[in-house]
Amino acid sequence: MKTYQHILFDLDHTLWDFEKNSEETIYTLYEQFELAGFGKFDSTSFYRKYKFVNTLMWDLYNKGKINQQELRENRFKKTLMGLGLEEHEVPAGISKAYTDLCPTKKAVFPHTYEVLQYLQPKYNLHIITNGFKEVQLIKMASSELHGYFKEIVTSECCGYKKPDRRMFEHLLDRIEVKPENCLMIGDNFECDIEGAMSCGIDQVYFNPEGVLSKKRPKPTYEIMCLSELKNIL
């Protein structure tokens, strides 16, 4: 087994429980903006539609087909118009309300703190995320994750997005380390795993749902629970 010195973590869907925090926020917005008054959809339908639209738009963002402003401005418009509202009926400020509230939520995946406390004395821990700097820092502060990590690299800051190998190389340059001394942990196979592979970094594919792999390269390791990292590191 290799001796690693630096552990690179993705943030959303890996440590910070994006789905749980987003769902809680969406239900709050449903009440805050009195969306039931339109009589067209309930809060569950609102959440499911938003989740679908947001996933598609983040995929476009990660591929460089839309920018940050387009992502933020259009995801609620597309969600609510898809549920039957006219464009003029989409509440002003709902996108900003989501962006302000969601990062303050605190839910993380099971065993997150336990594993970070186990790893921190042994390794240098870093975050590498396609999220936006201000939002990611709020998430980490709200969920008390910030104290575990030395470097936090966002796509917004370095100018590249995972899986672009240049984003990983940017972090390697900052911490002055070779790829073989690092291990990447993330949930997104294309962005986190294949991105790390492209510049020679070993990977841990975090797959909590146990999704069956399509035809794709085999990661160095695969886990369903963060506690399994103790068996690797």
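Which residues, counting only those in the range 57-86, are of a type outside the set (S, T, N, Q), modelled with pLDDT under 95 and open to solvent by 90 Å² or more (accessible area, probe 1.4 Å)? Within the range 57-86, LYS63, LYS65, GLU73 meet the criteria. Right, ASP100: assigned to a helix (DSSP H, G or I), without any contact (Cβ under 8 Å) to a residue 12 or more places away in the chain and under 26 Å from ILE185 (Cα atoms) or not? It is false that ASP100 is assigned to a helix (DSSP H, G or I), without any contact (Cβ under 8 Å) to a residue 12 or more places away in the chain and under 26 Å from ILE185 (Cα atoms). For the residues PRO179, PRO163, the requirement of being farther than 18 Å from ASN124 by Cβ and out of contact with any strand residue (DSSP E or B) (no Cβ under 8 Å at 6 or more places or on another chain) singles out PRO163. Each residue in the range 108-131 was checked for being farther than 19 Å from TYR50 by Cα and assigned to a loop (DSSP other than H, G, I, E, B), and 8 of them qualify.
Filter the range 172-189 down to the residues that are in contact (Cβ under 8 Å) with a residue 12 or more places away in the chain, open to solvent by 70 Å² or more (accessible area, probe 1.4 Å) and acidic (Asp, Glu) and list them by number.
GLU180
Every residue, every condition in (1) among the polar types (S, T, N, Q); (2) open to solvent by 60 Å² or more (accessible area, probe 1.4 Å); (3) over 20 Å from ASP192 (Cα atoms), yes or no:
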| residue | (1), (2), (3) |
| --- | --- |
| ALA107 | no, no, yes |
| TYR113 | no, yes, yes |
| HIS126 | no, no, no |
| THR129 | yes, no, no |
| GLU134 | no, yes, yes |
| ILE138 | no, yes, yes |
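Test ILE94 against the stated conditions and say whether it is farther than 23 Å from ASP187 by Cβ and among the β-branched types (Val, Ile, Thr). Judged against the criteria, ILE94 is a match.
Residues that are part of a loop (DSSP other than H, G, I, E, B) and either among the basic types (Lys, Arg) or touching a Cys at 6+ places or on another chain (Cβ under 7 Å) (or both) within the range 1-20 comprise LYS2, TYR4, listed in sequence order. Just to be sure I understand, how many residues within the range 190-226 are crowded, with 19+ Cβ neighbours inside 10 Å, out of contact with any Lys or Arg (no Cβ under 7 Å at 6 or more places or on another chain) and either touching a residue at least 24 places away in the same chain (Cβ under 8 Å) or assigned to a loop (DSSP other than H, G, I, E, B) (or both)? Number satisfying all stated conditions: 7.
The values are calculated or read from the model by the stated rules, or taken from the named source; none is laboratory data. The structure displayed is predicted, hence computed values, not measured ones. In this analysis, Cβ positions are derived from the backbone assuming ideal geometry, glycine residues included, and neighbour counts consider all displayed protein chains. Note: areas computed on protein heavy atoms with side chains; ligands, DNA, RNA excluded. Shrake-Rupley method; radii C 1.70, N 1.55, O 1.52, S 1.80 Å.
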